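J.: My structure is below; once you've seen it, I'll send some questions.
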Amino acid sequence: MWGGSKLSSSGSRFLGALRSGFQSTQVDSSRLTTSAVYPKNQLSWILQIKPWVFNENRIMWFKSYSITFACLNWMKSYRLPWTRPYSTSRTTVDRNEVKTFLALAHRWWDEQGVYAPLHSMNDLRVPFIRDNLLRTVATHQPGKPLSGMKILDVGCGGGLLTEPLGRLGASVIGIDPVDENIKTAQHHKSFDPVLDKRIEYRTCSLEEIVKDTVETFDAVVASEVVEHVIDLETFIQCCFQVLKPDGSLFITTINKTQLSYALGIVFSEQIAGIVPKGTHTWEKFVSPEKLESILESNGLSVQTVVGMLYNPFSGYWHWSENTSLNYAAHALKSSLQEQPAPAEFALKGEAEELQAEASTNSGTHTRVSMLLLTWKTQCCCCC
């Protein structure tokens, strides 16, 4: 966390010791020349060392040479955790994150292990998804309220959320870029013949299935996922494309606050060990305001944002008005708007209507002629 200050102080102590070491030697000042050189993009100190007597008891002779310390660029390359940028591309998968979850793939269904908070989170997120989806349907089957719905669970891991949604009657596709996670999920669902028919797992990323699943799903679920992707804008765009019109997007994630850094990373990962070290990167956390802005700009209308709090002592989650740590969001895909007709076709349509009226009203003949002439002129220009 404080690596930047340690590096800076270490560099200062090193340079200070170097200066004091040279000053402590009984050297003729004419033999030691220190000069500062400032290239275009780099600050350097060059020490010209001439042969001299190092101390009174032992003589050490040095040939002339130069020592260069390039400090400025090195210090600029290091930033505090909340300012260090992370690279983005058209893929949403962070390969470093894949390695982290690969090492934990066999522990998904250990309810007392590292994924215990995700197991208990189902007490909130499953009803949150179910109740909001039921608002979009007139009737539902008792015991299978989500029957007939197709849901995509992105970053499904070992299937902790996929299976409860399947038990509610939905047809669920769970995707994850970590092959070992998918193997764990497939193995676990194989013990339930009903789930085996309702759930399908695939090893892939979201962007890899967009072309084959455009407007396929009634809902997309990304629970504890967006804080692990490297291109959130692309991720949201893909969610929009695979959703049906008026489809729902459900997201649970971590807010980007100083409190979330202190509790979500320092306490949870480094002190209490609730979450394995390296699971989260604070730079990737996203505030509800920023998430809403991205959603709205990509055709998704935010319906609900509500805070979630985890009690590490009881192991339970509860809803809260405070969104400074975890929160859940529900957004709807806007219905497709009717595309406006090109100008030339609009002019042609108006001209044809007026031409029909011209048979009964000779006063419109001139206007009809002008409109037809304008339409033909525009068509010629377009060609």
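The values are calculated or read from the model by the stated rules, or taken from the named source; none is laboratory data. Quantities reported herein were computed from a predicted structural model and do not represent experimental measurements. Quick reminder, even Gly has a Cβ in these numbers, built from the backbone with ideal geometry, and neighbours come from all protein chains shown. For accessibility, only protein heavy atoms count, side chains too; no ligands or nucleic acids. Shrake-Rupley method; radii C 1.70, N 1.55, O 1.52, S 1.80 Å.
J.: For the range 139-158, state whether one or more residues are β-branched (Val, Ile, Thr) and either touching a His at 6+ places or on another chain (Cβ under 9 Å) or at pLDDT below 95 (or both).
T.: Checked against the condition, which is being β-branched (Val, Ile, Thr) and either touching a His at 6+ places or on another chain (Cβ under 9 Å) or at pLDDT below 95 (or both), the range 139-158 yields at least one hit.
J.: Okay, next question. Please specify each residue of the range 254-275 satisfying the condition of being open to solvent by 30 Å² or more (accessible area, probe 1.4 Å), over 17 Å from the mean Cα position of the chain (by Cα) and not aliphatic (A, V, I, L, M).
T.: Within the range 254-275, Gln258, Phe267, Gln270, Gly273 qualify.
J.: Restricting attention to the range 295-326, which residues are without any contact (Cβ under 8 Å) to a residue 24 or more places away in the chain and either at positive phi or hydroxyl-bearing (Ser, Thr, Tyr) (or both)?
T.: Ser297, Ser314, Ser320
J.: Could you list, in sequence order, the residues of the range 104-150 that are touching a strand residue (DSSP E or B) at 6+ places or on another chain (Cβ under 7 Å), of a type in the set (Ser, Thr, Tyr) and surrounded by 16 or more Cβ atoms within 10 Å (Cβ to Cβ)?
T.: Listed by number, the list holds a single entry, Ser120.
J.: Among the residues of the range 287-303, which ones are in a loop (DSSP other than H, G, I, E, B) and in contact with a helix residue (DSSP H, G or I) (Cβ under 6 Å, 6 or more places away or on another chain)?
T.: Asn298, Gly299
J.: Inspect the range 213-227 for any residue being assigned to a helix (DSSP H, G or I) and touching a strand residue (DSSP E or B) at 6+ places or on another chain (Cβ under 7 Å) and give the result as yes or no. Write out each step before concluding.
T.: We begin by selecting, within the range 213-227, every residue assigned to a helix (DSSP H, G or I); these are none.
Looking for residues that are assigned to a helix (DSSP H, G or I) and touching a strand residue (DSSP E or B) at 6+ places or on another chain (Cβ under 7 Å), one finds none in the range 213-227, hence no.
J.: In addition: Out of curiosity, is Ser287 at pLDDT 95 or above, more than 15 Å from the chain's Cα centre (by Cα), surrounded by fewer than 19 Cβ atoms within 10 Å (Cβ to Cβ) and farther than 22 Å from Pro177 by Cβ?
T.: Numbers: at pLDDT 95 or above: yes; more than 15 Å from the chain's Cα centre (by Cα): no; surrounded by fewer than 19 Cβ atoms within 10 Å (Cβ to Cβ): yes; farther than 22 Å from Pro177 by Cβ: yes.
Judged against the criteria, Ser287 is not a match.
J.: Just one of Ala351, Ala343, Ala358 is open to solvent by 50 Å² or more (accessible area, probe 1.4 Å), aliphatic (A, V, I, L, M) and modelled with pLDDT under 55; which is it?
T.: On the way: Ala351 fails: open to solvent by 50 Å² or more (accessible area, probe 1.4 Å); Ala358 fails: open to solvent by 50 Å² or more (accessible area, probe 1.4 Å).
So the residue among Ala351, Ala343, Ala358 that is open to solvent by 50 Å² or more (accessible area, probe 1.4 Å), aliphatic (A, V, I, L, M) and modelled with pLDDT under 55 is Ala343.
J.: Let me ask another. Yes or no: the range 271-286 includes at least one residue that is farther than 22 Å from Thr92 by Cβ, without any contact (Cβ under 8 Å) to a residue 24 or more places away in the chain, part of a helix (DSSP H, G or I) and not small (Gly, Ala, Ser). Explain how you work it out, then say what you get.
T.: Our first condition is that a residue be farther than 22 Å from Thr92 by Cβ; within the range 271-286, this holds for 271-274, 277.
Checking the rest, the ones that are also without any contact (Cβ under 8 Å) to a residue 24 or more places away in the chain come to 271, 273, 277.
Narrowing further to those that are part of a helix (DSSP H, G or I): 271.
Subset that is not small (Gly, Ala, Ser): 271.
Looking through the range 271-286, at least one residue is farther than 22 Å from Thr92 by Cβ, without any contact (Cβ under 8 Å) to a residue 24 or more places away in the chain, part of a helix (DSSP H, G or I) and not small (Gly, Ala, Ser).
The rows are residues; the columns are (1) open to solvent by 50 Å² or more (accessible area, probe 1.4 Å); (2) touching a residue at least 24 places away in the same chain (Cβ under 8 Å).
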site	(1), (2)
Phe191	yes, no
Thr203	yes, yes
Thr213	no, yes
Glu224	no, yes
Gln241	yes, yes
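J.: Next up: Of everything in the range 132-147, what is free of Cβ contacts under 8 Å to residues at least 60 places away in the same chain, under 30 Å from the mean Cα position of the chain (by Cα) and under 30 Å from Lys183 (Cα atoms)? Give them in sequence order.
T.: Filtering the range 132-147 for residues free of Cβ contacts under 8 Å to residues at least 60 places away in the same chain gives 134-135, 137-147.
Next cut, under 30 Å from the mean Cα position of the chain (by Cα) only: 134-135, 146.
Passing the criteria: only Leu146.
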